Amino acid sequence: MRPDGRRPDELRPIQITPDFNRYAEGSALVEFGETRVICTASLEGKLPAFLEGQHKGWVTAEYAMLPRSTHTRSGRNPGGRGQEIQRLIGRALRAAVHLPHLGARQITVDCDVIQADGGTRTAAITGGWVALALALRRLAAKEKLQGNPLRRSVAAVSTGLVGGEARLDLAYTEDSAADVDFNFVLTDGGKFVEIQGTAEAEPFSDEEFDRLLALAQLGAAKLFELQKEALARAKTP
């Protein structure tokens, strides 16, 4: 039995609340159990210098854990770990967008962790996609675009081996004790954007990896359903 009573193949209770922020073009509060992340997508009429003259837009992300999102207060500087995570979020969300259809615009997705209990990066990607999709929906309603920039859904989920058992969506107590842990970023078309995996002690086998992959695909299918339901509940443009 897992610490919170879940089955090995069961996600934590997950909620995605669209339009959580009244000012951002797109926003969502995403909750993976006790992990909670506010995601906001902001439309900006500027581009990074390296994209000037290339006739396409850009999607980027910033990530931070707020000072009391954990047991002790931390500073507001994202540090090396935070920078690595925000680059991951940016890569994941760009995989969802056809950048030429975005035009000469940048969308910045801010992911702020207000409470952490494991899986903050996977929650940020899953909720960040909802915020991004809402921003793109509203942009398309206001301006004529070349085409729909949103190409696919993207979500992320963790898996791991804890005491030899393959488990889905690890909370902090499990993640900190895992022998192997993975983060999978997947598309609703069944493809992969990124896979991050580490053996903390003994190396893992092909068979163990296949078990973790199957759990990630199972969990992602549910996350895609929750993303669609969140978009359906959002305010109209």
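Taken together, the values in this text are just the output of simple stated rules run on the coordinates, not laboratory data. Remember, predicted model here, so these are calculated numbers, not experimental data. So basically every Cβ, Gly included, is an ideal-geometry build from the backbone, and we count neighbours across all protein chains shown.
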Open item on the list: Using only the Cα atoms of the stretch 111-199, what semi-axes does the equivalent ellipsoid have when each is the square root of 5 times a gyration tensor eigenvalue? Give whole Å, largest first.
Closed with: 32, 15, 7
Task: Within straight-line cross-link reach of LYS235, aspartates and glutamates at Cα separation under 15 Å, skipping those fewer than 8 residues along the same chain - done: ASP19, GLU25
Task: the stretch 67-207, relative contact order in percent, only Cα pairs under 8 angstrom and at least six apart counted - done: 21
TODO: For the stretch 172-180, take each phi angle, set θ = phi - 60°, evaluate the Karplus expression 6.51 cos²θ - 1.76 cosθ + 1.60, and give the result in whole Hz per residue in order, putting x for glycine and proline.
DONE: 4, 4, 7, 4, 6, 9, 5, 7, 9
- [ ] Determine, for PHE182, PHE192, PHE209, the number of other Cβ atoms within 10 Å of each Cβ, and report the residues in order from fewest to most.
- [x] PHE192, PHE209, PHE182
TODO: Count the DSSP beta bridges whose two residues both fall in the chain, then state the antiparallel fraction as a percent rounded to the nearest 5.
DONE: 85
Task: Amide H within-cut-off set for GLU194, under 5 Å, with H built and near neighbours excluded - done: VAL185
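Please state the charge dipole magnitude for the chain, taken about the Cα centre, from unit charges on C-beta atoms (+1 on K and R, -1 on D and E), reported in debye and rounded to the nearest 20.
Numbers: 30 positive and 31 negative charges, 292 e Å.
Using Cβ point charges on Lys, Arg, Asp and Glu, the chain gives about 1400 debye.
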- [ ] Could you work out how far helix 206-233 tilts from the main Cα principal axis of the chain, as a 0 to 90 degree angle to the nearest 10?
- [x] 40
TODO: Please list 87-94, 155-162 highest first by mean number of surrounding beta-carbon atoms within 10 Å per residue.
DONE: 155-162, 87-94
Task: Top of GLY80, GLY147, GLY45 by mean-square fluctuation, Gaussian network on the chain, Cα under 10 Å - done: GLY80
TODO: Before anything else, pin down the relative contact order of the stretch 1-158: Cα pairs under 8 Å, at least 6 apart, normalised by residue count, whole percent.
DONE: 30
Task: GNM flexibility winner over the chain from ARG76, ARG137, ARG211 (Cα, springs under 10 Å) - done: ARG76
Task: Candidates ALA199, ALA96, ALA220, ranked by Gaussian network fluctuation over the chain, Cα under 10 Å, top entry - done: ALA199
Open item on the list: Just to check I understand the Karplus step: with θ = phi - 60° and J = 6.51 cos²θ - 1.76 cosθ + 1.60, what whole-Hz values come out for the stretch 135-145, glycine and proline as x?
Closed with: 4, 5, 4, 6, 5, 5, 6, 9, 10, 7, 9
Open item on the list: Quick one: 3J(HN,Hα) in Hz for the stretch 150-155, Karplus 6.51/-1.76/1.60 with θ = phi - 60°, rounded, Gly and Pro as x.
Closed with: 7, 9, 6, 8, 10, 9
Open item on the list: I want the local charge near CYS39. Using Cβ-Cβ distances under 10 Å, sum +1 for each Lys or Arg and -1 for each Asp or Glu among the other residues.
Closed with: -2
Open item on the list: 5 Å is the cut-off here: which amide hydrogens, built 1.01 Å from N in the peptide plane, fall below it relative to ALA61, excluding neighbours closer than 5 in sequence?
Closed with: GLY90, VAL109
